[in-house]
1. Choose one of GLY304, ALA281, ALA316: the residue whose Cα lies farthest towards the positive end of the charge dipole of region 273-328 (beta-carbon charges +1 Lys, Arg; -1 Asp, Glu; about the Cα centre).
2. Would you mind calculating the relative contact order of the chain from Cα pairs under 8 angstrom and at least 6 residues apart, reporting the percent as a whole number?
3. Write down Rg/Rh for region 164-233, rounded to two decimals, with Rg from the C-alpha atoms and Rh from the Kirkwood relation over Cα pairs.
4. Using only the Cα atoms of region 118-196, build the gyration tensor, take square roots of its eigenvalues as a ≥ b ≥ c, and label the shape rounded, prolate or oblate: rounded if a/c is under 1.5, else prolate if a/b is larger than b/c, else oblate.
5. Can you tell me what share of the DSSP beta bridges in the chain is antiparallel? A percent to the nearest 5 is fine.
6. Order 39-45, 305-311 from most to least packed using the mean count of other Cβ atoms within 10 Å.
7. If packing is taken as the mean number of other Cβ atoms within 10 Å per residue, what is the order of 239-245, 278-284, 207-213, highest first?
8. At a Förster radius of 56 Å, what calculated FRET efficiency corresponds to the Cβ-Cβ distance of LYS172 and ASN262, to the nearest 0.05?
Amino acid sequence: MSVLNRRDFMRSTAGVVAASVAVPALAQAASAAPAATMKVALGNTGIEPSLLGMGTGVQGWNFDSALIRHGKRKFVENLMYAYERGIRYFDLADMYASHRYMSLAMAEAKMDRSELTLLSKTVSTTAKEVRDDVNRFIADLDCEYMDIVLLHCMTKGDWTETMAPCMDALDKLKDEGKIRAVGVSCHNLDAMKNAVVHPWVDVMLSRINPYGIKMDGSVDEVQQVLQTACDNGKGIIGMKIFGEGIVTKSKKEFNQAILQSNAEKRTPRMDLITDEVRESADARMKASIKFAMQLPCVQAFTIGLVRREEIDDTMAKIDEVAKSEGIA
């Protein structure tokens, strides 16, 4: 698989951009390989996932998801197909019950573990439970380590206090070589602001799109918080790029979501909501991808993909965005 990481990009631009400056994902896609498969540097972690991650938590929680409901064989085949297409980042979670499906796909497709970025999440609230979870993740995936493990769905600003024993447990697992990086997925602005400045956090999984849909604050506010995190060396992965699928829905559903975003002070980037965007789901999806790829503070992103057509369509849109900017 042809890849282009940030170091390669810096060399190709003859040092025009200093290596210490974050490069937007859009600028990393200049290669013959599909832009979605380009490897990107994730903060200071040393981990280089593909730009696009395959999300496995579509409408997922309580050990269920749309992928599971789609059928075991189709789930495994979609994971293998994503790998075949060059995706190397897989976004898993205990609550999605996706580990065993990923394990089957890894074995059947003979995936090279060294190429993969396997991210998972735990909702446990005690040190013992967290340690047991991670050991179970590793056993379920039949591998020796996890690349990234996150505390899942933090909704309060004091999570660094209430979850301190869990953080210590993850640190110990990291010291033992069972985890490469630790962090948090946030569903609250105060939780995000705490993660940004806390030295424990290596990676943040954060909700971001230009429409404020399913986000934790206004688009500008969240972007500013994530930029601070990036400046502090955190690895930033975007999620809810399509607003939990709402971006792909009808004009009426999209407009209702925009009204709700405004009402809940999750102010969208109204300058990006053109007539074309309002009318066309295809235009909205491309605008969402472009927005994420242009943000210096977003290094990779995960999108839930249930069918192989969705994998192809999303990768094609990422390529189209890259080419429209004249860099692919």
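1. Highest projection toward the positive end goes to GLY304.
2. Here the relative contact order equals 20 percent.
3. Rg/Rh: 1.03.
4. It comes out prolate by the Cα gyration axes.
5. Restricted to the chain, the bridges split so that about 5 percent are antiparallel.
6. The peptides rank, most packed first, as 39-45, 305-311.
7. Going from most to least packed, we get 207-213, 239-245, 278-284.
8. 0.80
Rule-based calculations on the coordinates, nothing more; no lab input. Worth saying up front: this structure is predicted, and the values here are computed from it rather than measured. Note that each Cβ is placed from the backbone with ideal geometry, even for glycine, and that neighbours are counted across all protein chains shown.
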